[in-house]
Amino acid sequence: MLVQAVDHYAPEVAALIEPFRFIPNWRIDDVMVSYATDGAGVGPHFDQYDVFLIQGLGRRRWRIGAHCDDDTALLPHDDLRLLAGFEATAEWVLEPGDILYVPPGVAHEGVAVGDDCMTYSVGFRAPSRGELIAHWSEHLLENLQNDDRYADPDLQAQKNPGEISAQAIAKLHAMVTEKMRDRDAFARWFGQHSSTPKNPDMDWRPEEPIRIETLRERLTEGLSLCRNSASRFSFIRQDANSVLLFVDGERFECTEETAALAETLCARNRITIDPRLIKSASAMALIVALFNQGSVAFDQAD
């Protein structure tokens, strides 16, 4: 049995990600939990991303094989890249607490040794070139005007009307690449794209939106904030005093003390707000927005 995104619902499972924070937030996907009885497993397969396999309950035998790619023969399956053939080159039996790292593309197979075998898989995202081009292009198309068209007022008569001239190709190519090469626009898009929740259908918003006055009162009382473990936080630095904060597909422009707050929110799961920030209208407005979209909440441990 495979259950994805368990870290979104169980804080104890989300805590497994903390030792891997040397990897940027935007690369982290989720923690999948697999449960198997003696001799069970999904079969030999490979993934296209890094994965750390943490053994919980019981024991599991892992066998590692060759590196795979798009030409590797697969068995029919909608969700897994099950291998049609597999030859192991190494194997280990993981005991509770052991960790095995499997690089992208490496064939592997895990089989439970005994009953009640539970493995936690910390997976990381690695977008393909095709995915980036497709999603970035889709975003650009949504914002293009229909009257932004090719024109050649300086057209010269050609010896052969069947020729597509070098000048026409250059102008047509520029129409496409000028938009695609806008680095700042790409950065803003990617921040929102990469922070979009894994399960966007889940509604984490509070039953009652919080007001700035209420937020100030609660923070003044000493309450801390914690991030929703299902939320994705990242930022892009604009300059020394400003950043773009991306949380769950939303973008926030932060400057001065709010920029520092944004960086802290991205670095820590739980934070205590400095009393000086409680007086800042921009800082409180940011926290209210994050609170009301379900990205942060009051720490229940307080």
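Take the conditions (1) within 32 Å of the chain's Cα centre (by Cα); (2) under 20 Å from ASN292 (Cβ atoms); (3) of a type in the set (Val, Ile, Thr); THR220 misses just one of them, which is (1).
Here's the yes/no breakdown for (1) touching a residue at least 60 places away in the same chain (Cβ under 8 Å); (2) in contact with a strand residue (DSSP E or B) (Cβ under 9 Å, 6 or more places away or on another chain); (3) more than 23 Å from LEU16 (Cβ to Cβ):
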| site | (1), (2), (3) |
| --- | --- |
| LEU53 | yes, yes, no |
| ILE64 | no, yes, no |
| LEU80 | no, yes, no |
| LEU83 | no, yes, yes |
| VAL93 | no, yes, no |
| VAL102 | no, yes, no |
| VAL106 | yes, yes, no |
| SER121 | yes, yes, no |
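Output the number of the condition that SER229 fails; it satisfies all remaining conditions of (1) out of contact with any His (no Cβ under 7 Å at 6 or more places or on another chain); (2) buried (at least 16 other Cβ atoms within 10 Å of the Cβ). Condition (1) is where SER229 drops out.
Among the residues making up segment 101-110, a single one is assigned to a strand (DSSP E or B) and more than 17 Å from VAL42 (Cα to Cα): TYR101. Among residues of segment 289-301 being in contact with an Asp or Glu (Cβ under 9 Å, 6 or more places away or on another chain) and not in a helix (DSSP H, G or I), the one that is farthest from GLU207 (Cα to Cα) is SER295. Looking at ASN160, ASN199, just one residue is surrounded by fewer than 10 Cβ atoms within 10 Å (Cβ to Cβ), of a type outside the set (Ser, Thr, Tyr) and over 23 Å from MET284 (Cα atoms), and that residue is ASN160.
Values quoted throughout were computed directly from the atomic coordinates according to the rules given, and no laboratory measurement underlies them. From a predicted model like this one, the values you see are computed outputs, not experimental measurements. Neighbour counts are summed over all protein chains in view; Cβ atoms, including those assigned to glycine, are modelled from backbone coordinates with ideal geometry.
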